[in-house]
Amino acid sequence: MSDSVSKFFEAGGYITNHTNEQKKDKIVEKVKQLMDDRSKQGQKEYGTTLQDNPDGFYKWLNELQTELLDAALYIEKLKQQK
């Protein structure tokens, strides 16, 4: 094993303890729950999963652009709060 790889694993690597049990990250778990909730909401609203949605490439590009523009607005709003 290379020296840098050895140091990575000696420092814990992706495993946070020496029993080979991976510690749950509360932030990641919260985001996963939000994603699951969002998926359920979308299926209820649109009657399909994102995977099975037949919309085309440019429809998804437009959706992404709209979401990113919204995000830029939210960032600006937060920056202006005092």
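A few remarks follow.
- Listed by first and then second residue, the pairs with beta-carbon distance under 6 Å, at least 6 apart or on different chains, first residue in the stretch 47-67 and farther than 19 Å from ASP37 by Cβ, second charged (D, E, K, R) and surrounded by 11 or more Cβ atoms within 10 Å (Cβ to Cβ), form an empty list.
- Note on the stretch 42-63: among residues that are in a loop (DSSP other than H, G, I, E, B) and over 21 Å from the mean Cα position of the chain (by Cα), the one that is surrounded by the most Cβ atoms within 10 Å (Cβ to Cβ) is ASP55.
- Some residue of the stretch 8-19 being at pLDDT 95 or above and in a helix (DSSP H, G or I): no
The values are calculated or read from the model by the stated rules, or taken from the named source; none is laboratory data. Please read all numbers here as calculations on a predicted model, not as lab measurements. Neighbour counts run over all protein chains shown; Cβ positions are idealised from the backbone, glycine included.
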